[in-house]
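Report on one structure; see the data block that follows.
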Amino acid sequence: MNENIEKDKEPIDESLELVEEEVHYKEMSPARMVMRRFFRSSLSLVGVVMLLALFAFSFLGPPILHMFGYEWEETETDHTPTVKRAMITLEGIKAKDAEGNEYEIIQFVEGEVEVNSYADMTPSHPLGTDEKGMDVFIRLMYGGRVSLTLGFVVVILETIIGIIMGGISGYFGGKVDQIIMRIVDVLNCIPTLPILLIASVVIDSWQVATEMRIYYLMLIMTVFGWSGTARMVRGQILYLREQEFIVACEVMGIPAWRRIFKHLVPNIMPQLIVSMTLGLGSIILYESTLSYLGLGIPLPYAAWGTMISSSTDPVTMASYPNLWVPAGILIVIAVLAFNFVGDGLRDAMDPKSKR
């Protein structure tokens, strides 16, 4: 019987074997995933290109121009003797028209001047010169250095102070939290722009050296700007401090400062990066506003707002748009670029966004 069973068995075809296909999944780090999402956004790419162009223009422009023989510096005045046609109102001399209305007599005179002010756009001065005979093109580059450097330094300082104060407030709570949050509430209630105006007037009264004025502006903007970051950090840490990994750190005896700055703060870095990027545009606008009002970077040093403020005269604004339009365009480009990059980072770091 066993023999019959063995005969009834059909031979197994060894060629028909199941072949298991091994599927390999390439692991992608969170940072790489964020960068992939970021660079898929067209607005993010536009913002990055705009920022790179601004930094190249401001920081690499002057040395490259000087390599090719461009002779003008930031505060250098063009003393080339030039014949200018000027409009002079003859004071005390008036005439009457047929209807008896009095009018002033205006005379146009030509003469040689020592300062080549309000020069036309030429290869020597691609954007002309201002009222003091200084080259507008080179001053735009140095003005970009001031605005961009001020923005980055202030944002970094605000973030550092905000992380420290917000981390301590959120982790320890109690009276420490109450004291820090009341300070934050007071700072949030103070209107920033009027305070900056008052502070700039106070700096003027101290007769601070011109080259030191930018450091005072950085300090003032930092003191009144860290409260928003501190509040955001506190809110995130209040949520994260109850998570299991923080409880485990506490059980292991890890010091409080290490728990805050090594385990909690890295978990809120995406929100901080987005906040920093979006805050850069606001700081550049504040600096430009103060410079426009004559309370920022004073002459002869260049800043985009200062260049616009020097053209507030109606005749200058109408007749010499080359003095203020380029600076205004660069301010708009800088603010838009930082906003585009900030929006792109916010979308890229959102885990619920599209892959």
_Going by what's in this entry, would Y239 be described as within 30 Å of F59 (Cβ to Cβ), more than 24 Å from the chain's Cα centre (by Cα) and either at pLDDT 80 or above or outside the structural domain of A337 (by TED's automatic domain parsing) (or both)?_
no
*asked:* Criterion first (in a helix (DSSP H, G or I), on the phi < 0 side of the Ramachandran plot, among the hydroxyl-bearing types (S, T, Y) and touching a Leu at 6+ places or on another chain (Cβ under 9 Å)) does T149 satisfy it?
replied: no
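Residues that are of a type in the set (V, I, T) and either more than 30 Å from N267 (Cβ to Cβ) or modelled with pLDDT of 55 or more (or both), at least 3 per element: which helices (runs of 4 or more DSSP H) completely within the range 15-112 meet that?
By residue number, 42-55.
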*Within the range 267-293, restricting attention to residues that are more than 17 Å from W226 (Cα to Cα) and of a type in the set (S, T, N, Q), which residue is surrounded by the fewest Cβ atoms within 10 Å (Cβ to Cβ)?*
N267
_Of the criteria (1) among the acidic types (D, E); (2) out of contact with any helix residue (DSSP H, G or I) (no Cβ under 7 Å at 6 or more places or on another chain); (3) over 18 Å from V325 (Cα atoms), which one E158 fails_ = (2)
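Taking the criterion of being assigned to a helix (DSSP H, G or I), under 26 Å from P270 (Cα atoms) and free of Cβ contacts under 8 Å to residues at least 12 places away in the same chain, would at least one residue in the range 163-173 satisfy it?
yes
The values are calculated or read from the model by the stated rules, or taken from the named source; none is laboratory data. Quick caveat, the model's predicted, so the values are computed rather than measured. Cβ coordinates were reconstructed from backbone atoms using ideal geometry, including for glycine residues, and neighbour counts include every protein chain displayed.
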